[in-house]
1. Would you kindly state how much longer the chain becomes between C:Ala315 and C:Ser21 on full extension, computed as 0.36 nm times their sequence separation minus their alpha carbon distance, in nm to one decimal?
2. Using unit Cβ charges (K, R positive; D, E negative) and no other charged atoms, how large, in debye to the nearest 20, is the dipole of chain D about its Cα centre?
3. So how far, in whole Å, is the C-alpha centre of the range C:1-78 from the one of the range C:288-342?
4. Give me, ordered by chain and number, the residues 5 or more places off B:Arg59 or on other chains with an amide H under 5 Å from its own placed amide H.
5. Which of the trypsin sites (Lys or Arg not before Pro) found in the range A:15-89 are in a DSSP loop and have at most 15 neighbouring Cβ atoms, other than their own, within 10 Å?
6. Could you name the lysines whose alpha carbon sits less than 16 Å from that of A:Lys231, not counting residues in the same chain fewer than 8 places away?
7. Using each residue's phi in the range B:115-127, evaluate 6.51 cos²θ - 1.76 cosθ + 1.60 at θ = phi - 60° and report the 3J(HN,Hα) Karplus result to the nearest Hz, with x for Gly and Pro.
8. Sort out for me the Cα centre separation of the range B:25-97 from the range C:234-253, rounded to whole Å.
Amino acid sequence: MSTGEERILTYAEAIREGLRQEMQRDESVVLMGEDIGAYGGAFKVTKGLLEEFGPERVRDTPISEIAIVGAAIGAAIMGLRPVAEIMYMDFLPIATEQLVIQAAKMRFSSGGKLRIPLVVRTQYSLGRAHAAQHSNFFPAWYMNVPGLKVVTPSTPYDAKGLIIGSIRDDNPVLFVECAVLYYGVKGPVPEEPYEIPLGVADVKREGSDVTIVAVSRMVHEALKAAEELEKKGISAEVIDPRTLNPLDRQTIVESVKKTGRAVVAADDCKTGGVTAELAATIVEGAFDYLDAPIVRVASPDMPIPFSPPLENRYMRWAKDIVEAVEGMV
Amino acid sequence: MSTGEERILTYAEAIREGLRQEMQRDESVVLMGEDIGAYGGAFKVTKGLLEEFGPERVRDTPISEIAIVGAAIGAAIMGLRPVAEIMYMDFLPIATEQLVIQAAKMRFSSGGKLRIPLVVRTQYSLGRAHAAQHSNFFPAWYMNVPGLKVVTPSTPYDAKGLIIGSIRDDNPVLFVECAVLYYGVKGPVPEEPYEIPLGVADVKREGSDVTIVAVSRMVHEALKAAEELEKKGISAEVIDPRTLNPLDRQTIVESVKKTGRAVVAADDCKTGGVTAELAATIVEGAFDYLDAPIVRVASPDMPIPFSPPLENRYMRWAKDIVEAVEGMV
Amino acid sequence: MAKLEIEIEEIGEVSVQEALSLGLTEGDLLRMYRKLVELRLFENRVEQLYLYEARIQGTAHLYTGEEAIAVGVARAIEGFGYIVSHHRGHGHALAMGIPPKEVMAELFGKETGVVKGLGGSMHVAIDPKRGALWASAIVGSGIPIAAGAALALRYRGERGVVVGFFSDGAANTGAFHEGLNLASFWKLPVIFACENNQWGMSMPARKSITCGRVAYRAAAYGMPGVIADGNDVLSVYKATKEAADRALRGEGPTLIEFITYRLKGHGVYDKATYRPKGEVEEWEKKDPLPRFEQKLIEAGITTEDRLKEVREEVAKEIEEAVKFAEESEVLEFDKLWEVVYA
Amino acid sequence: MAKLEIEIEEIGEVSVQEALSLGLTEGDLLRMYRKLVELRLFENRVEQLYLYEARIQGTAHLYTGEEAIAVGVARAIEGFGYIVSHHRGHGHALAMGIPPKEVMAELFGKETGVVKGLGGSMHVAIDPKRGALWASAIVGSGIPIAAGAALALRYRGERGVVVGFFSDGAANTGAFHEGLNLASFWKLPVIFACENNQWGMSMPARKSITCGRVAYRAAAYGMPGVIADGNDVLSVYKATKEAADRALRGEGPTLIEFITYRLKGHGVYDKATYRPKGEVEEWEKKDPLPRFEQKLIEAGITTEDRLKEVREEVAKEIEEAVKFAEESEVLEFDKLWEVVYA
Ligand SMILES: Cc1ncc(C[n+]2csc(CCOP(=O)(O)OP(=O)(O)O)c2C)c(N)n1
Ligand SMILES: Cc1ncc(C[n+]2csc(CCOP(=O)(O)OP(=O)(O)O)c2C)c(N)n1
Ligand SMILES: [Mg+2]
Ligand SMILES: [Mg+2]
């Protein structure tokens, strides 16, 4: 991970900068969504963009998720590069038909005639005491949709490079941010625009005894866990797939071939979640190298409770990863 | 599988009989959906029920999937036992917010005060030359939703017992039928009502060399494959989970402990699909018993083509399972 | 050129005298006043707890300024009515009779909360035995659910009505359209109660409602549309009662647009800088509480002193609710497994 | 009691004379006739191929009886218009100029089909270079997409208009509501073209459209609503042209309800036994083809013999299309991977 000069931004700032630079570069980039203009977005990610680019390019909408995604699709067919914002991932199911049954099938069902350079940005709010209807993370659903790409950045550096990469991609991309990271993580971000291509995992930390594949917020927990483990003499490699579809299976599999052990970690519910796909991928690619069963560190199979202490218990932390690793070495 | 007398019904007839018997038994069972009345449903599953029970109990609706599921939820809160029909699983994403963010969270978010005895019936039409927007099977999405149950019957016997079990269950249940099975499979079905509880897998065929866990239509392909394999001296056990949530992990894991090998097969796309969860479950539960990597036999990661020969190539058949098994023994 | 004429009934301010003729007693009016105060002081206290005491986490959408709607509706459907609430539901909960301490404990995330601390601010109005069926934090999604609850009433031939609450922003969702159409299609005993508080987050209702008035949309579903003064509890009562009567007579749903104003920001942390200058002040003049006080006093039903006593009593109750919430325990985590499935 | 008056423009049958005054030439009219015939004979042949020859698999929704809409609309937006089609799209495809052989080959699932055999009957009207942007087999879902395409036109300042086709059933979907509202909100150059063919599968439009007329719903979005005779190609042309002019002037969207009738069952296999006796016969009297023939002959523009020749020519073309389709190859499976992603 080459980061250039050491300018430190938050994750939210990094995304904003990526959006702004692409808008400066390319007139066809247009934002639309609820309260993204004067309000600056529920998380202030688009703050200042209305002022800079005006209401034709930063378009507030009524509360109409179907139409937000649908209109963005139509605009994309006609050659714009819309970036639609769905305020919470919990609201995305309202527009899932548009994203999955329309956008993701369009290139295929048109026999290759259409091109859908669409980005749908959203975020998940687990960890903010927002309860069962405002905290959900559903990446696995969208991994299961060929024709769609799915991006889940974990660091400011990746967030900027990946939002630029997503906008430049000619396919529908679901870009899932993590709300507790917006102002909860900072990191070096080069000022000039740079693109991280979709489909390339990043080894966030090298190690030799166990591979931890972690998604979004859990990347940070995995890195903390790796430090803990190091103290105990266990060397953990931490891999962030960064994009879930396309999934960089090779990087993951190669790592497990090296370490012989794997923990997979993400914030969605365990059954049918992204960790299931990661585990299945590892078994397929590195079965003969595995010295222990793969352990999934995922959210429990229950809705998300509001009460902060309960939500805290519900969530998975570095210690859960440490425990998982200790159970297998 | 005890089937009582040998009365042979189609899969569609079995579901209809289950619906009819529950409606006779319990006045609170009400059907709603598009064209389920005089038309008898797009696949004639509800044929004759309007005539028998009248328009208050068999309710045609406008084309309004959000409202169909939403209204069924509201009726369920008030103690009815609505069975809502969504004509194709491809249309379910329109109402997914209602099913996933509303129905599935209600008991939890009400602190246990609510009870949602709701069934949403739908079907997937892979294999009917209906193309990318009328053939999708998305069971894994809904497995990833705690609070919801997911049922995928493969035989007439199971279909009847499971629809009755689903109606009697006090939770929201997504009941996913398979259109090519409606009139494509027949089997013994007892006349009297019987309930198959949700969460119990069925061993469709016993065997000792390999476990094939298969879902819905693929159960039949698995059984054909098992016959082929028998000719080659390989004894395959075929397990049908029948309900994906709750998933009867124990039956699956015990079988793999016995056979040491597993193929998992379903009609949804491979990445992030139900076969990923099945594979992950097996690794978790039977890692030390596995003699070979688990093989997923699933639909390719692409939208579904219309052209019948292409759709045929797209789909997975007994021969794919046979090949998978031969590759591992 | 075909002309379609839509009649939208407008119900302006209702006098005490008219209210009494509609069947309310003086005692009712005083109880309604007390409720208004309860809703207002509750929200005032909640705002404090968030902003200045930081004792509650997550978010809360205050009902301040809109109290007349919940209170008027609840009174009009008392004994036979159900509601479906939404993200701005503290007022709905209290108006339906959920004790302040249960609502407060919910905000604190405690086991003694109305939904055991699992729902928080956006799910406080859930208590089926008091008629509060569900509260959806997803804008618009409660609307078809309200219709469905009304279907059950109709199906069983029960005398009852369901009120689906929502605000202006929700009238732009697909769920609104499908829910109202289906309710009309089946002539269900449901009242669609739009609390038009002029804003959906930072989006002004006058822009997002492209036909100008939510109530006009009733015409798209062949149902009566009514506009009432949402800052006059008696106007609310009258409009709701008429719609409830219609529903009980089997004449189907009504869409009522209650004109009101969100006196605070969207959520407790929103400073609402997007609002035009002077707007809040204009609406403060129409604040439903002083308006009702004045009416009651002018009608000779009560005195300023008596009302002050009420306010003090209620303030004490709210303080007790805070104490109760504070002292309650959080549910044990393992108990959560008991409420995932029935 | 506030009264909202909604003016719905009604455009009845349009005479040849009026059509000529609107800018159509006699040559245009003859070409429109030829297109009508093409659409009709195509569907007749398709019905045969499914029902009696079993040479096509899957399903097809025939456009029989509704031809005047696609043909009239396509002519009115020629040169600057785009469409979004739906599950009943053969007529849209042909009207937009996609050659019959490409449409037929698509139904046969061949590589020479308009979308390479990947889409089939429900996706034939997709050919961006001819203005056919997309065809959604999900009812209603194309509506917001049409709005979005119009947004791109407006954003780039291009002279153009998008027509979103749908039928009565679609007007009950959430996508309809949100799509129309957003189009009005942004004043987009889009025409919402409802082909009210009286049925949505087995559901009569007169029931599911709870306000009686789809066009009335325009009022809910503050946009003009128009009712036109969907069985008169000139009425269709006039209504569309007016709406297109409005859009081009920057005055935003229009909702047009074209009154027509689905002369066949919902899909080729539907016997439509749910229809009241005599209904089809009533509508056959208003069949857009004989009506237009008669007009052209009465206006002295052509003769019965000449029209017969046209029909024979077209019939031959359709037969060639069948042959072409039959003889074409199916795409190689591995090539599918090339069109999953761009
Ligand atoms: C479907 C959906 N979209 C967006 C949001 C985020 N959100 C919560 S409240 C709100 C504004 C709602 O406006 P309105 O319906 O007028 O209700 P009010 O807040 O005024 O009571 C928004 C956008 C949501 N909860 N659900
Ligand atoms: C959202 C959705 N629901 C249901 C269907 C199944 N379906 C296909 S066409 C149709 C009837 C559509 O009626 P209408 O919109 O009037 O179109 P028409 O068939 O009359 O052209 C139905 C119910 C679908 N394709 N999409
Ligand atoms: Mg509002
Ligand atoms: Mg129709």
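1. 102.7 nm
2. Working: 41 positive and 51 negative charges, 175 e Å.
Dipole size: approximately 840 debye.
3. One Cα centre to the other: 14 Å.
4. For B:Arg59, whose amide H was placed from the backbone, the distant partners under 5 Å are B:Leu31, B:Met32, B:Gly33.
5. Working: sites: A:Arg16, A:Arg20, A:Arg25, A:Lys44, A:Lys47, A:Arg57, A:Arg59; in loops: A:Lys44, A:Lys47, A:Arg57.
Here the sparse-neighbourhood loop sites are A:Lys44.
6. Within reach: A:Lys319.
7. Here the 3J(HN,Hα) series is 9, 10, x, 10, 10, 10, 8, 8, 8, 10, 10, 4, x Hz.
8. Centre-to-centre (Cα) distance: 28 Å.
Quick note: the coordinates plus some simple rules give every number you see, no bench work behind them. Only a predicted model underlies this, so the values are computations on that prediction, with no experimental measurement involved. Using ideal geometry, Cβ is built from the backbone for each residue, glycine included, and neighbour counts are taken over all protein chains shown.
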